[in-house]
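Asks: The following block contains the structure, expressed as structure tokens.
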Amino acid sequence: MRFTPAGDPGVPDIRSATRYLVWLAGRHKALLTVGILLGVVWMVAQALVPAAVGRAVDGLTRRDEDALLTWGLVLFGLGVLQAVAGILRHRCAVHNFLAGAYGTVQLTVGAANRLGAALPRRVSAGEVVSIGTADISQIGSAIDITARGTGAVVAIVTVGVILLGASVPLGLVVVLGVPLLMAVVGLLIRPLHRQQQAYRDSEGALTARAGDIVSGLRVLRGVGGEPVLSNHYRARSQALRADGLRVARIESLLEAAQVLLPGAFLVLVTWLGARFALRGEISAGELVAFYGYTAFLVSPLRQLTEAVDKLTRGHVAARRVVRLLRLTPELLDPARPAALPDGPGELVDVASGVTVRPGRLTALAATAPEDALAIVDRLGRYVDSDATLHGVPLREVALATVRERILVADNDAHLFTGPLRAELDPHDRADDATIAAALAAASASDIVEALPAGLDSAVAERGREFSGGQQQRLRLARALVADPETLLLVEPTSAVDAHTEARIADRLGAARAGRTTLVCTTSPLVLHRADHVIFVEDGKVVAEGAHTALLDGEPRYRATVSRGED
């Protein structure tokens, strides 16, 4: 089966959950094949044990010591073979489980990276989290069960052939009875599949809701919305509980069927075998063997029902993964990427008329903040546009090159868990002096000095131990440590007090000397220290120049930066 890349090499273009499971299993074809073969040997060795016991019993009734010794040794050999094959099969099964589960993790992370900034707009965080916590286990189990499931099928066929050779009626009971049992189990699979899908959808939605509540807890408490969201979450949680109970109801019936149906089958075959033995149609050894076969058949029948259950769960989980993998990024690399000249160049947004000159600190003041965000998205190529760098359209440049040359730093960026040093310098390229200079420019040195282990202190999830202003200053320091050729900052001082903002405004120009910097802000403190100010209204440049000149000559600019106050 051949798959082609979906927008990125190594990402399979898979159109169904079944094909995804087949493709995933085929990634480790050799070990999967070995596991299946060992599963067959393991189950067939168990299936032949009743035959060896029956022959030994017949030898005992005839007082044939040689036959008893021979079949005793055969029974011992089957036991050793079963033990060795079982151990090796289990090792292969664990490997296949982990390969399936963590192969899915790798693909999911790759898809998330490929989607980039478009990911939050295309799929909820709860959906991605549910794939990484619940779905990978179901997919791994679906890959793992193939060895035991195949072994169970071969063992049942083996037993059926042996029984047909010894007694046609008993053999027919097995040959016809097993498909009938599986058909009964199949009646439970379809509603189970449907209920599992509904439960999985509800679980993903609730996980996303929980993430939203936790991330906005401070705001909710501030506006008194915590009880409302809590009640709503409780109602959704109870709805999820109801979905889970419906799934559990069907699963309990399936579990009961796994015990009841093979048990009834065992009673039927034993009863028939006893009647044939009383009529002299089979020997005592064959009766013992028949009982052993029917007792053994309980195991492969349960293996088959377990395989159906796990494959169903894996199919439901794989559908979610395929849905994520099929999402295409909003921006793709050009077929033949254009080369950019070395060094800083003019960055131009054709749609608005904004021109960011190289090597200068430029400020962008917009009457509507969303206009500034739209311009930055175009200049950073987070949306498709006619923006250019060095006169070369950004859409003709490889995305990796754009990201290397242009860095967009906004207030949606997160602080991640780990040492603060690694948070400020993820690539481990900067020395202590560089990090200290960036912290000083961002007026964040006091934050580090207050930590018990300084730069080696651990940052909690999303940097929750820091205030909003502290997080903003640390994000600015991280952008300065990266030292990109072109840096686009979106409201980098909106959450700090006036004194801190003044210090940042004083130091930012020196920290970015010789580099191209664009700051989107309406703060007079920052605008006054910019080399050049661009004023945007209704998404278009209407004026530009020095801050003081614009204050004197452009009333609309003055109204914007003074918040409407004269």
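Asks: I'd like the full set of residues that are surrounded by fewer than 13 Cβ atoms within 10 Å (Cβ to Cβ) and either of a type in the set (Lys, Arg) or touching a Phe, Trp or Tyr at 6+ places or on another chain (Cβ under 6 Å) (or both), limited to region 228-240.
Replies: The one that is surrounded by fewer than 13 Cβ atoms within 10 Å (Cβ to Cβ) and either of a type in the set (Lys, Arg) or touching a Phe, Trp or Tyr at 6+ places or on another chain (Cβ under 6 Å) (or both): Arg234.
Asks: Turning to a different aspect of this structure: With the structure loaded, tell me whether Thr133 is among the polar types (S, T, N, Q), open to solvent by 70 Å² or more (accessible area, probe 1.4 Å) and more than 35 Å from the chain's Cα centre (by Cα) or whether it fails that test.
Replies: Details: among the polar types (S, T, N, Q): yes; open to solvent by 70 Å² or more (accessible area, probe 1.4 Å): yes; more than 35 Å from the chain's Cα centre (by Cα): no.
No, not satisfied.
Asks: Test Val80 against the criterion of being touching a Cys at 6+ places or on another chain (Cβ under 6 Å) and open to solvent by 60 Å² or more (accessible area, probe 1.4 Å), and give yes or no. First the steps, then the outcome.
Replies: On the way: touching a Cys at 6+ places or on another chain (Cβ under 6 Å): no; open to solvent by 60 Å² or more (accessible area, probe 1.4 Å): yes.
For Val80, the condition - touching a Cys at 6+ places or on another chain (Cβ under 6 Å) and open to solvent by 60 Å² or more (accessible area, probe 1.4 Å) - is not met.
Asks: Then there is this: Can you work out which of the residues in region 411-455 that are at pLDDT 95 or above and assigned to a loop (DSSP other than H, G, I, E, B) is surrounded by the most Cβ atoms within 10 Å (Cβ to Cβ)?
Replies: Ala442
Asks: Restricting attention to region 506-522, report how many residues are open to solvent by 10 Å² or more (accessible area, probe 1.4 Å), closer than 26 Å to Ala368 by Cα and out of contact with any Ser or Thr (no Cβ under 7 Å at 6 or more places or on another chain).
Replies: Adding up the residues that qualify gives 2.
Asks: Go through region 305-384 and tell me which strands (runs of 3 or more DSSP E), entirely inside it, have 2 or more residues that are more than 30 Å from Ile136 (Cβ to Cβ), more than 32 Å from the chain's Cα centre (by Cα) and among the small types (Gly, Ala, Ser). Spell out how you get there, then give the answer.
Replies: Details: elements: 347-349, 354-356, 361-366.
Result: 361-366.
Asks: Next question. Pairs only if they're at least six apart or on different chains, beta carbon under 9 angstrom, first in region 15-38 and closer than 12 Å to Asn96 by Cβ, second assigned to a loop (DSSP other than H, G, I, E, B); list them, first residue then second.
Replies: Pairs found: Gly26/Met1.
Table: residues versus (1) at pLDDT 70 or above; (2) outside any helix (DSSP H, G or I); (3) more than 19 Å from Pro300 (Cα to Cα).
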| position | (1), (2), (3) |
| --- | --- |
| Leu180 | yes, no, no |
| Gly186 | no, no, no |
| His193 | no, no, yes |
| Ala198 | yes, no, yes |
| Val228 | no, no, yes |
| Leu240 | yes, no, yes |
| Arg246 | yes, no, yes |
| Arg249 | yes, no, yes |
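Asks: Do you know which residues across region 382-441 are closer than 15 Å to Leu488 by Cα and charged (D, E, K, R)?
Replies: Across region 382-441, the qualifying residues are Arg403, Glu404, Arg405, Asp410, Asp412.
Asks: Further, regarding this structure: Residues in region 274-282: is at least one under 30 Å from Ile375 (Cβ atoms), open to solvent by 60 Å² or more (accessible area, probe 1.4 Å) and part of a loop (DSSP other than H, G, I, E, B)?
Replies: Here is the first cut: in region 274-282, the residues under 30 Å from Ile375 (Cβ atoms) are none.
Scanning region 274-282 turns up no residue that is under 30 Å from Ile375 (Cβ atoms), open to solvent by 60 Å² or more (accessible area, probe 1.4 Å) and part of a loop (DSSP other than H, G, I, E, B).
The values are calculated or read from the model by the stated rules, or taken from the named source; none is laboratory data. Because the structure is a prediction, the values reported are computed rather than measured. Don't worry about glycine lacking a Cβ; one is built from the backbone with ideal geometry, like all the others, and counts go over all protein chains shown. Quick note on the areas: whole protein, heavy atoms, side chains included, nothing else; ligands and nucleic acids left out. Shrake-Rupley method; radii C 1.70, N 1.55, O 1.52, S 1.80 Å.
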